[in-house]
1. Using only C-alpha atoms and all pairs of different ones, pull out the Kirkwood radius for the stretch 2-85 in Å with one decimal.
2. Return the calculated 222 nm mean residue ellipticity for the chain, to the nearest 500 deg cm²/dmol, obtained by summing -39500 (n - 2.57) across DSSP H runs with n ≥ 4 and dividing by the residue count.
3. Among the listed pairs 74/96; 76/97; 68/99; 54/82, which have their C-alpha atoms separated by more than 29 angstrom in this model?
4. Around residue 90, what is the net charge, scoring Lys/Arg as +1 and Asp/Glu as -1 over all other residues with Cβ under 12 Å from its Cβ?
5. Separation between the residue 14 and residue 58 pseudo-spin-labels, each 7 Å from Cα along Cα→Cβ, expressed in nm?
6. Would you be so kind as to identify which of 7, 32, 21 lies farthest towards the positive end of the dipole of the chain, taking Lys and Arg as +1 and Asp and Glu as -1 on Cβ and the Cα centre as origin?
7. Just how large is the dipole of the chain about the Cα centre, in debye to the nearest 20, putting +1 at every Lys and Arg Cβ and -1 at every Asp and Glu Cβ?
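Nothing in this text is a laboratory measurement; each read-out follows from the coordinates by a stated rule. Bear in mind that the values here come from a model prediction, so they are computed numbers and not experimental data. Glycine gets a Cβ as well: all are built from the backbone with ideal geometry, and neighbour counts include every protein chain shown.
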Amino acid sequence: MSRVYDFLKGKFLISDDAIHNWRFILFCTALAIFMIACSHDAERKVHQIAQLNKEVKDLRSESIEAKKNVMKLKMKSAVEEKVLPLGIITANEPPKKLKILVEK
């Protein structure tokens with residue numbers, strides 16, 4: 001019972017061999033501070049990863065929408081509408097091949 005009473009009064013901090021106790025207490029304090037700092041750093045990284053995943057998701061959907069718009073612009077009907085004001089119309093006949101003969 002007297003050991004518990006001495007502990008509660010803090011005699012282990014002021015006795016002759018208290019330097020060993022203080023070293024251990026300071027080590028435990030430094031270790032606790034280090035663990036808290038690592039925990040905060042890990043949480044910050046988790047939030048950063050979540051934000052980057054959201055950004056990737058948004059950019060992916062934006063990319064898909066851009067591809068959809070490009071596909072619409074490449075369709076024959078869309079091209080015909082764009083060049084109609086320039087007076088260009090589609091041909092009714094298929095294209096003909098030209099053969100060039102070079103004589104030596």
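1. Value: 19.5 Å, from the Cα pair sum.
2. -25500 deg cm²/dmol, from helical runs alone.
3. On the way: 74/96 23 Å; 76/97 22 Å; 68/99 39 Å; 54/82 37 Å.
Distance filter (> 29 Å) returns 68/99; 54/82.
4. On the way: positive: 76; negative: 80, 81, 93.
Around residue 90, the surrounding residues sum to -2.
5. About 6.1 nm separates the two model spin labels.
6. Most positive-ward Cα: 32.
7. Numbers: 19 positive and 13 negative charges, 151 e Å.
Computed about the Cα centre, the dipole is about 720 debye.
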